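Colleague: Let me give you the structure first, and then I'll get to my questions.
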Amino acid sequence: MLPSFIPRLKRFEAILIAFLVEPFREVSLARRSKSRGKKENLLIIASSLFILMFIGETIIMLAPRGSGSNVISREELLKYRYIPSPSNFTVMFFGASIKECPLCPETLSNVTQAINSLKRSELFSNTSIVMKVFQCNGFPSCQDKESLVNFKLYRVSQVPLVIISYRGFLVPIDVVGMSPQEIATLLAAWYQILKVAWKPPARGLVVAYFYDGNHTSPYWDIIKKELVSRNVTVVEFGCKSYPSNCTNNIEAYATMLALGISPNNLPLMLVFKDSAIALELQLKGPVNINEIVEKIETLKES
């Protein structure tokens, strides 16, 4: 899988976000006329992408990943696991008692206020916002079984933490030190990104190639030709220069941000099977084309 980490936002970054997105906030948090042109919609999405460039790296997971060292029975997992609806914009808050996490109560209050303001906004007029709170008393060994299962299911190792879920994607963010308005702006930006990011189909095999003008592979065209001849679905996502200049392809930009791809990962080939990443290959330097094609063929048949 791609490397992931949860960045801790610094105060100056939150101030920078608030300064940069004043025009965006007017669109996302205030009720406005529904007669918005395509150019304005594109500007909003581009603004959202611009916001995220100043936030730091996060990664979106296409499905909840496994638990940690604590053993959880299959019965407990099925009974207590929380799987957000892909049609809702879900904000999951993971916290602990004030003794174990002095910042948790204030952070939870700020997140709650942010969500309430978003619920009143035109941006979310057609999408339900759901908030789910998991309180782990005795962190990191939660006394409550539901919290224990979901802390392990979503691999939460620090509190407080927010994980956003939309369209089957998951993205963890650190909102400590941010005001309700700043959190609302950040959540709205991610919502705009996830609306346009490419999501692999729930069933079947898809090979995705990611690149930009500075990072391409001379082997891709050959690999692509071989895969197409074997009836393998192939998609391509490219930018002029990622992440500094990707406005030529908003979907590609949003998708790479959503997957937590960095310029150092490019050129990159990801093989998705039933929406999950089954194979990751950086196409840097010489590659064995036959070996790659055969691996993908094996995944297709399994």
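Colleague: Tally time: how many residues in the stretch 140-179 are within 21 Å of the chain's Cα centre (by Cα), of a type outside the set (Phe, Trp, Tyr) and on the phi < 0 side of the Ramachandran plot?
Modeller: Selection size over the stretch 140-179: 21.
Colleague: Given (1) open to solvent by less than 70 Å² (accessible area, probe 1.4 Å); (2) within 26 Å of the chain's Cα centre (by Cα), identify the lone condition not met by TYR219.
Modeller: For TYR219, the failing item is (2).
Colleague: Shifting gears a bit: Which condition breaks for ARG155 when tested against (1) over 26 Å from PRO243 (Cα atoms); (2) open to solvent by less than 20 Å² (accessible area, probe 1.4 Å)?
Modeller: Evaluating ARG155 over (1) over 26 Å from PRO243 (Cα atoms); (2) open to solvent by less than 20 Å² (accessible area, probe 1.4 Å) leaves (2) as the failure.
Colleague: When the residues of the stretch 176-228 are narrowed to those that are among the hydroxyl-bearing types (Ser, Thr, Tyr) and in contact with a Lys or Arg (Cβ under 9 Å, 6 or more places away or on another chain), which ends up farthest from ASN88 (Cα to Cα)? Spell out how you get there, then give the answer.
Modeller: Step one: list which residues in the stretch 176-228 are among the hydroxyl-bearing types (Ser, Thr, Tyr), which gives 179, 185, 191, 209, 211, 216-217, 219.
With the extra rule that they be in contact with a Lys or Arg (Cβ under 9 Å, 6 or more places away or on another chain), the set shrinks to 185, 209, 217.
Values: THR185: 18, TYR209: 29, SER217: 38 Å.
Here the answer is SER217.
Colleague: Any residue in the stretch 140-151 that is aromatic (Phe, Trp, Tyr) sitting within a Cβ distance under 7 Å of a residue that is surrounded by 23 or more Cβ atoms within 10 Å (Cβ to Cβ)? List the pairs, counting only those 6 or more apart or interchain.
Modeller: Matching pairs, first to second residue: PHE151/PHE94; PHE151/PHE134; PHE151/CYS136.
Colleague: Has the stretch 123-136 got at least one residue that is free of Cβ contacts under 8 Å to residues at least 60 places away in the same chain, buried (at least 20 other Cβ atoms within 10 Å of the Cβ), more than 16 Å from LEU170 (Cβ to Cβ) and hydrophobic (A, V, I, L, M, F, W, C)?
Modeller: Yes, that holds for at least one residue.
Colleague: Also, I was wondering about something else. Check whether at least one residue in the stretch 145-152 is open to solvent by 50 Å² or more (accessible area, probe 1.4 Å) and more than 29 Å from ALA202 (Cα to Cα), and report yes or no. Full working, then the answer.
Modeller: Filtering the stretch 145-152 down to residues open to solvent by 50 Å² or more (accessible area, probe 1.4 Å) leaves 145-146.
Next, only the ones that are more than 29 Å from ALA202 (Cα to Cα) stay: 145.
Taking every residue of the stretch 145-152 in turn, at least one turns out to be open to solvent by 50 Å² or more (accessible area, probe 1.4 Å) and more than 29 Å from ALA202 (Cα to Cα).
Colleague: Further question: Here's a check for you: in the stretch 111-121, which residue that is open to solvent by 20 Å² or more (accessible area, probe 1.4 Å) and in a helix (DSSP H, G or I) is farthest from LEU77 (Cα to Cα)?
Modeller: Applying the first criterion (open to solvent by 20 Å² or more (accessible area, probe 1.4 Å)) to the stretch 111-121 yields 112-113, 116-117, 119-120.
When the remaining residues are screened for being in a helix (DSSP H, G or I), the result is 112-113, 116-117, 119.
Numbers: THR112: 27, GLN113: 31, ASN116: 31, SER117: 33, LYS119: 31 Å.
Per the criteria, the residue is SER117.
Colleague: Of the residues ASN248, ASN288, which is open to solvent by 30 Å² or more (accessible area, probe 1.4 Å), closer than 18 Å to ILE193 by Cα and over 20 Å from the mean Cα position of the chain (by Cα)?
Modeller: Sole residue among the options that is open to solvent by 30 Å² or more (accessible area, probe 1.4 Å), closer than 18 Å to ILE193 by Cα and over 20 Å from the mean Cα position of the chain (by Cα): ASN248.
Colleague: Here's a follow-up. Six or more apart or on different chains, Cβ atoms under 8 Å: show the pairs whose first residue is in the stretch 248-268 and of a type in the set (Phe, Trp, Tyr) and whose second is surrounded by 19 or more Cβ atoms within 10 Å (Cβ to Cβ).
Modeller: From residues that are of a type in the set (Phe, Trp, Tyr), the pairs are TYR253/LEU49; TYR253/CYS239; TYR253/TYR242; TYR253/CYS246.
Colleague: Continuing with this model, one more query. Can you tell me which of (1) touching a residue at least 24 places away in the same chain (Cβ under 8 Å); (2) open to solvent by 10 Å² or more (accessible area, probe 1.4 Å); (3) of a type outside the set (Ser, Thr, Tyr); (4) in contact with a Cys (Cβ under 8 Å, 6 or more places away or on another chain) is the one ASP212 doesn't meet?
Modeller: Failing condition for ASP212: (2).
Colleague: I would also like to ask the following. So, in the stretch 226-243, exactly how many residues are touching a residue at least 24 places away in the same chain (Cβ under 8 Å) and small (Gly, Ala, Ser)? Please lay out each step first, then the result.
Modeller: Keep residues of the stretch 226-243 that are touching a residue at least 24 places away in the same chain (Cβ under 8 Å), which gives 226-227, 230, 232-243.
Filter once more, so that each one left must be small (Gly, Ala, Ser): 238, 241.
The qualifying residues number 2.
Colleague: Next question, about the same structure. Could you tell me whether VAL228 is surrounded by 15 or more Cβ atoms within 10 Å (Cβ to Cβ) and aliphatic (A, V, I, L, M)?
Modeller: On the way: surrounded by 15 or more Cβ atoms within 10 Å (Cβ to Cβ): no; aliphatic (A, V, I, L, M): yes.
So VAL228 fails the test.
The values are calculated or read from the model by the stated rules, or taken from the named source; none is laboratory data. Computed from a predicted structure; not experimentally measured. Backbone-built Cβ (ideal geometry, glycine too); neighbour counts: all protein chains shown. When the accessible area is computed, the model is the full protein with side chains, heavy atoms only, and any ligands, DNA or RNA have been set aside. Shrake-Rupley method; radii C 1.70, N 1.55, O 1.52, S 1.80 Å.
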